[in-house]
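To keep things clear, I will list the structure first and then write my remarks on it.
Derivation of every value follows stated rules applied to the coordinates shown; laboratory data play no part. Just so it is clear, the model here is predicted, and its values are computed rather than measured. Positions of Cβ are generated from backbone atoms using ideal geometry, with glycine treated the same way; all protein chains shown enter the neighbour counts.
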Amino acid sequence: MNCFLMGATGGLGRALANELARNQHRLYLVGRDAETLGALSAELREEHGVDVDYVTADLADFDPDQLAENAVGTMGGLDAVIIASGLGDPDDNGSLDDSGVRRLLEVNMNGPVRLLNALSAHLADRPDTAVVVGIGSVASVRGRGQNMAYAGAKSGLDTYFEALRHRLDGTACRVQFYRAGFMRTPMFGDRKSILPVARPERVAEVIVRNLSRRSGTRYVPAWWVFPAIVLRWMPWAAFRRLSV
Ligand SMILES: NC(=O)c1ccc[n+]([C@@H]2O[C@H](COP(=O)([O-])OP(=O)(O)OC[C@H]3O[C@@H](n4cnc5c(N)ncnc54)[C@H](OP(=O)(O)O)[C@@H]3O)[C@@H](O)[C@H]2O)c1
């Protein structure tokens, strides 16, 4: 598969890049830092013998049409588009300034939506099976005061992916969305959790294995569906007391 991977330098992104290369997929890596992308590309070529191209783009300040055109042109068509980027902020509790809130919205929702919009005609016209993968968060199950703009943006992304699935229904392109639980990546840091924190490599294995499966929204790890249901239906009187 020709795979476009946004957020390739992150915790989950890097694990996905490795897992895709291990499965002999051809990669187009996108991130913000050219040096890191260059080193990662060289590592993947050397270790797995796959073709890897890369380009820099900042989701808060980019031209989606140009990025889409470059990727499609360089790869000669895309079979998989995976958006593994994301941004959190410890001050996302109402104390961020306008530029901080804007950045969270651009990286977690506006940027991915603009990029997929630029790619959607290409994906709808693919003669062979293609797949789009988005990464949401269990944070969008219920809005909490600690990550307000992040959770709002991830909810928006969740809905956009459902709309994209609806739009591409009947074409050869599948749409998969993951509500990810806690993962031990730079975003999660060394925070403690009463619930298990997954290794990004394990999550990447699941996502890559599922690439040929049908469209849908899933929790990853899958057991997160149970805490999500509890959280979703918890009465407000109990939910408001939660500190997690
Ligand atoms: N970790 C968790 O517990 C957790 C839980 C639920 C959902 N998620 C979601 O899982 C996905 C992967 O996150 P992660 O845990 O791997 O986080 P991470 O290690 O912090 O990686 C985030 C990635 O997003 C990229 N990114 C940030 N700002 C960007 C921008 N302006 N333009 C382009 N790329 C940008 C980062 O690029 P740089 O390397 O250049 O910074 C990095 O590649 C995200 O969608 C996240 O929201 C994570």
Some residue of the stretch 210-220 being away from the ligand (no atom under 13 Å from the Cβ), in a helix (DSSP H, G or I) and closer than 22 Å to Arg14 by Cβ: yes
Take the stretch 136-181 and flag every residue that is within 11 Å of the ligand (Cβ to nearest atom) and charged (D, E, K, R). Lys154, Arg179
Taking the stretch 25-53 and keeping residues outside any helix (DSSP H, G or I) and more than 12 Å from the ligand (Cβ to nearest atom) leaves His25, Arg26, Leu27, Tyr28, Gly49, Val50, Asp51, Val52, Asp53
Report whether or not Val132 is under 24 Å from Gly11 (Cβ atoms), buried (at least 23 other Cβ atoms within 10 Å of the Cβ), of a type in the set (Val, Ile, Thr) and out of contact with any Pro (no Cβ under 7 Å at 6 or more places or on another chain). yes
Just to check your reading of the model, which residue among Ile135, Ile229 is part of a strand (DSSP E or B), among the hydrophobic types (A, V, I, L, M, F, W, C) and on the phi < 0 side of the Ramachandran plot? Ile135
Determine the pairs where a residue that is over 8 Å from Leu27 (Cβ atoms), located within the stretch 40-62, has a partner that is more than 15 Å from the ligand (Cβ to nearest atom) and part of a helix (DSSP H, G or I) with Cβ atoms under 6 Å apart, the partner being 6 or more residues away or on another chain. His48/Ala21; His48/Arg22
Give the residues of the stretch 180-223 that are surrounded by 13 or more Cβ atoms within 10 Å (Cβ to Cβ) and hydroxyl-bearing (Ser, Thr, Tyr), sorted by residue number. Thr185, Ser215, Thr217, Tyr219
I'd like to verify a number: residues in the stretch 38-61 that are closer than 15 Å to Ser85 by Cβ and among the hydrophobic types (A, V, I, L, M, F, W, C), how many? 5
Matching residues, the stretch 6-40, being surrounded by fewer than 24 Cβ atoms within 10 Å (Cβ to Cβ), among the β-branched types (Val, Ile, Thr) and under 20 Å from Glu106 (Cβ atoms): Thr9
May I ask you to list the residues in the stretch 215-244 that are closer than 19 Å to Leu16 by Cα and of a type outside the set (Gly, Ala, Ser)? Thr217, Arg218, Tyr219, Val220, Pro221
Looking at the structure I just gave you, is Ala121 assigned to a helix (DSSP H, G or I), loosely packed, with under 15 Cβ neighbours inside 10 Å and either of a type in the set (Val, Ile, Thr) or more than 16 Å from the chain's Cα centre (by Cα) (or both)? yes
The lone exception for Cys3 - which of (1) of a type outside the set (Phe, Trp, Tyr); (2) touching a residue at least 24 places away in the same chain (Cβ under 8 Å); (3) crowded, with 16+ Cβ neighbours inside 10 Å; (4) in a helix (DSSP H, G or I) it fails: (4)
Filter the stretch 75-99 down to the residues that are without any contact (Cβ under 8 Å) to a residue 12 or more places away in the chain and assigned to a helix (DSSP H, G or I), then identify the one that is nearest to the ligand (Cβ to nearest atom). Ser99
